[in-house]
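What follows draws every value from the coordinates through simple rules; no lab data is involved. Note that the structure is a prediction, hence the values are computed from the model and not measured. Cβ sites come from the backbone with ideal geometry, for glycine too, and all protein chains shown count toward neighbours.
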Amino acid sequence: GAVVSQHPSWVICKSGTSVKIECRSLDFQATTMFWYRQFPKQSLMLMATSNEGSKATYEQGVEKDKFLINHASLTLSTLTVTSAHPEDSSFYICSARWQGANNEQFFGPGTRLTVL
Amino acid sequence: SQQGEEDPQALSIQEGENATMNCSYKTSINNLQWYRQNSGRGLVHLILIRSNEREKHSGRLRVTLDTSKKSSSLLITASRAADTASYFCASYTSGTYKYIFGTGTRLKVLA
C-alpha cells in the first residue's frame, strides 16, 4: 500500500518549452502532496506544498509562475515547468500523504528533467 | 537554510564493517525518518522514529534519537556492497506539515 507514481520518469526538452510532470497516489487519497527538487549529489529541497482543491504554498525563493502546481483531485498533482531553461534541469520528486497518516509521506520514484 | 545537517558527507568502508551516520535538525520535531537513495533513483523509506522514542531497530538498521541535542543517528551493521547509496534524514514538525531533509551522507561499501 501507499504507492506513489510519477510520470514521466525522465524527459528531455528544448529550452523555452513547458514540461508537465504528474504525481499520482495509486492506492490512497492524498490530501497533501509535496514537490521537491534535487540537484546532483545534493539533498532534496522542498519547492511547494499542495492541498487538494486549493492553491499551492511555495517555499521561499521558488517562482510560482515558473513552477505551476495543480492538485485538482485527491490522487493527482501536476508540476509544470514553464519556459524551461537548462538551469531547470534537475531531479523532481513528489511525495504524498493522507490525513491521519501519522504524518508519514510516501515518495514517488522521481522525474529526471534535462533541458537542452 | 531550511536543511538539517548530516555528517559525514561521505563514508567509505569495507564490507562487514558498521556504518554510522549522524543527523542534526533545527527545530522541535514530531518524528524523523531515514531514507536511502540509490544513484539517480527515488527514495526508499527505511525507518521512522517518533519524538518520544529513543531507539528503534529494523533488521540491520538501528536509529537513535536525542531530542535534547536535536540529533539522530543511523547505524548499519555488517554492511554489504548493496548498502552503497546516499542516506538522508528528514525531520517533521507538526504545524509545518512538511519534512525538512538533511544534507545526506554518501556511503560506499567496498567488497
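Details
- Other protein chain C-beta atoms within 10 Å of residue C-beta, averaged over A:32-39: 2.
- For chain A, taking a cut-off of 4.7 Å between Cβ atoms, the unpaired cysteines are A:13.
- Bins of 10 Å from zero: percent of alpha-carbon pairs in chain B: 15, 50, 29, 6, 0
- Remark: A:43, A:15 ranked as A:15, A:43, counting other beta-carbon atoms within 10 Å and listing the fewest first.
- Paramagnetic reach from residue B:96 (point 7 Å along Cα→Cβ, amide N under 20 Å) across segment A:55-80: A:56-63
- Summing charges over neighbours of residue A:11, with a neighbour being any other residue whose Cβ is under 14 Å away from its Cβ, gives +1 when K and R count +1 and D and E count -1.
- Ranking of B:84, B:67 by count of other Cβ atoms within 10 Å, fewest first: B:67, B:84
- Peptide B:34-41 - average C-beta neighbours from other chains (10 Å radius): 3
- Estimated distance in nm for a label pair at residue B:47 and residue A:112, the labels positioned 7 Å out from Cα along Cα-to-Cβ: 3.1
- Enclosing the Cα atoms of chain A in their convex hull gives a volume equal to 97 cubic angstrom per residue.
- The charge dipole of chain A, taken about its Cα centre with unit charges on the Cβ atoms of Lys, Arg (+1), Asp and Glu (-1) only, comes to about 180 debye.
- Euclidean distance between Cα centres, segment A:15-73 to segment B:18-72, Å: 24
- Among B:21, A:33, a tally of other beta-carbon atoms within 10 Å of each Cβ gives an order, fewest to most, of B:21, A:33.
- The protein assembly as shown: radius of gyration and largest Cα-Cα distance (Dmax), Å: 17.5, 50
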